[in-house]
Amino acid sequence: ITTHQTTVSLMISLKEKATGRLACRTVTHGIGDKRSTIFCRLDPGAYLLNFAADLPLGGMHPCDDFFVQLALRPASSVELRQSCGAAKPRLADLISSQQPQQFEANLKFGLGKKTRQLWTEDIEVTPVQAVSKTYLKIGITSDFLTSDLRLQINHNGHPLADPRPSTGGYAELVGPLDAGTYTVEVYYVQGRSGATEDAQLSTQGYCESFSLSAQLMSRMGTPRADWICKLGRVDMPTTIAPGGSPYTLDSDYVIPDSGTQEITLEITQPSVLRIEVVAMGAEARVRLYNGGISVGRSTGGELFMPMAVGSFRLKIRVTENGKEQDPCPKMSV
């Protein structure tokens, strides 16, 4: 469970219904500790999830709201892999590729630290880049329940922004950047469970996949409408390799100028694929290829089929219907 920044100080707690005792700790994090997270393994039973807020002196807006993410899954259906790949992100490679890249992270439960740093790297903005009104766009996607990896961008030891949540992760566009050194950090909130599993998971950990993207972008010469479209949105991955774990992609993406988006699927064990693409004011079509052979096509932007082991190419094509165009055309995938 995670709550995100609101106009009030929002607090959450999870208690055993029968005894009133706290079932899990609540971790606050982010800029000004405005985000609250509960991440733990629950035994069978009844629980109460409580939301409480400190109201501001001036009162609340009559239509105020808050944003919450919540996931609940039987522990028997959560497969925690023990072996991780050795590749680590490099900002220079991410920026030069202009595409999201997949990595694996070893995560640990624990009784100590509230959050753990997974990866950090500095990036230098030159005076020439600063004159060109350079922005840093960075995004991360991961499984919310088992990892929920977070981003933080710092300058001179001070956080610049709290990345905006999307359905599958977080994204942020910061700038224009002054010349100097900026630090990008990926961290996660440690989970809690029973004493036996704590000892095992805190020592060995478990492996989760995530996708990371980074771009240095110049505002000079970019149409305002195109620029606004890029704000706070992660880029669609060009390669998906689940590695035997369940994989979910669920978010809004900007439709490319060409109207076509391709994703390579690397399948290592028999799987089931379900995809639905919805684009307002446009027709979406999906095709799946193995080599140059079409092995599946959608009806109305939806495809549901079993998949064998192999490498596949997923092609999404969005065609406008000829009506008035949206200044920021996007598709839900």
**OP:** Sticking with the crude label model, points 7 Å out along Cα→Cβ, report the distance from Ser245 to His155 in nm, one decimal please.
**Re:** 3.3 nm
Original post:
Can you work out the FRET efficiency for the pair Gln69 and Gln98, with r the C-beta to C-beta distance and R0 = 30 Å, to the nearest 0.05?
Top reply: 0.60
Original post:
Just how much of Ile123 is accessible, in Å², when a 1.4 Å probe is used and the result is rounded to the nearest 10?
Top reply: 20 Å²
Original post:
In square angstrom, what is the accessible area per residue of region 81-151 with a 1.4 angstrom probe?
Top reply: 49 Å²
**OP:** Report, ordered by chain and residue number, the lysines lying within cross-link reach of Lys330, taken as a straight Cα distance under 23 Å and ignoring same-chain residues fewer than 8 apart.
**Re:** Lys137, Lys230, Lys315
Original post:
To the nearest 10 square angstrom, what accessible area does Tyr170 show with a 1.4 Å probe?
Top reply: 0 Å²
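The values are calculated or read from the model by the stated rules, or taken from the named source; none is laboratory data. No experiment lies behind these values; they were computed from the predicted model shown. FYI the Cβ positions are ideal-geometry reconstructions off the backbone, even for glycines, and counts take in every protein chain you see. Heads up: the accessible areas ignore ligands, DNA and RNA and are worked out on the full protein's heavy atoms, side chains in. Shrake-Rupley method; radii C 1.70, N 1.55, O 1.52, S 1.80 Å.
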